[in-house]
Amino acid sequence: MRHRVAVPLVVVLMTATIGRLLVLSPQVTDGETALLEGLSQHRHVLLDTIATIVQFALSNGAVVLIIAAVIGWLAVIRRRPLDATGFGITALAGWGAVGLVKVAVERPRPALTGDPLSVVTGSTSFPSSHTGALVSIVLGLALVAATARSRHSILLWGTVGVVLVGAARMYSGAHYPLDVLAALPVAWAGVMAGASLANIVVPALAFGFGWQQAGVSVAAPAARRTGSTAPAPAQHAGTVQASRADAADSSGSHGGAARSAQRTGSSREEHRVDRAA
């Protein structure tokens, strides 16, 4: 459990450190800016359309709707509430990790000489939120995939989508190349940390609310699995009955001894009377 949290934490800290070093390294930024300037000189209507669609399709509000839609699809249509909860936790954790690093690094967005393709919200760029959001969603779906074949398909098409989104963000001039690359390890680290959290939260919620999912059995929490030191009701009742029987036997034996003593005393009195007569 420790390494499942420690490794993602180290990855996030290392990536954030690299981001801060980039902020203090204008030479690297100048080289990336020159690359983006070259891309802006080769604009095409089709590429402009794709970049614009990517910008709005993976905006903050759209990502929330996508995650909510996948959760509803898994929980209601596929009847997999445990997987739906796990996906929600892992996807949000990955996307949230990207946002935290972005706030911590505070790398300004590229400043290009030409007109921007579209208005970009936010002033920081490291790492790319659009790329990180898609990586988080893809990895979250892969973790809850029902079969290995579906998992491979999700990872394959997800990789294609991530490459497309990253290229579109650079083409639009919204992110430097290193911004896009940094989103990959940060989103992965967030998803892995979210998976560790989901392994604790999901069974507890399932046991508490009585959630059921085909092919999945939820064990009771450790506190409830621990047996009580008090005897079971049936055993306790049997013990009480046995005690009562022993008491009855004891009372019977004491009563018999008393009656025997009384008869012995009466016989002695009669014998004395006969001798006196």
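One table, with the values for the structure above:
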item	result
Test result for T85, of a type in the set (S, T, N, Q) and either under 29 Å from A195 (Cβ atoms) or not in a helix (DSSP H, G or I) (or both)	yes
Flag for V186 being within 18 Å of R107 (Cα to Cα) and among the β-branched types (V, I, T)	yes
Residue check for V144: in contact with a Ser or Thr (Cβ under 7 Å, 6 or more places away or on another chain) and in contact (Cβ under 8 Å) with a residue 24 or more places away in the chain	no
Among the residues listed as T113, T147, T124, the single one being in the same structural domain as T33 (by TED's automatic domain parsing) and crowded, with 17+ Cβ neighbours inside 10 Å	T124
Matching residues, the stretch 160-172, being part of a helix (DSSP H, G or I) and either under 19 Å from G122 (Cα atoms) or among the hydrophobic types (A, V, I, L, M, F, W, C) (or both)	V160, V162, V163, L164, V165, G166, A167, A168, R169, M170, Y171
Where a residue in the stretch 52-63 is surrounded by 14 or more Cβ atoms within 10 Å (Cβ to Cβ) and its partner, wherever it lies, is part of a helix (DSSP H, G or I), with Cβ under 6 Å and at least six apart	V54/V165; V54/A168; L58/H130; L58/A133; V63/A133
Selection within the stretch 208-222 - surrounded by 11 or more Cβ atoms within 10 Å (Cβ to Cβ) and either more than 19 Å from V76 (Cα to Cα) or modelled with pLDDT of 75 or more (or both)	V218, P221
Odd one out for H175 among (1) of a type outside the set (K, R); (2) surrounded by 15 or more Cβ atoms within 10 Å (Cβ to Cβ); (3) part of a helix (DSSP H, G or I)	(3)
Positions within the stretch 29-73 being under 33 Å from the mean Cα position of the chain (by Cα) and outside any helix (DSSP H, G or I), in sequence order	L58, S59
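The values are calculated or read from the model by the stated rules, or taken from the named source; none is laboratory data. Since the model is a prediction, treat every value here as computed from it, not as a measurement. Here Cβ is always computed from backbone atoms with ideal geometry, including for glycine, and neighbour counts include all displayed protein chains.
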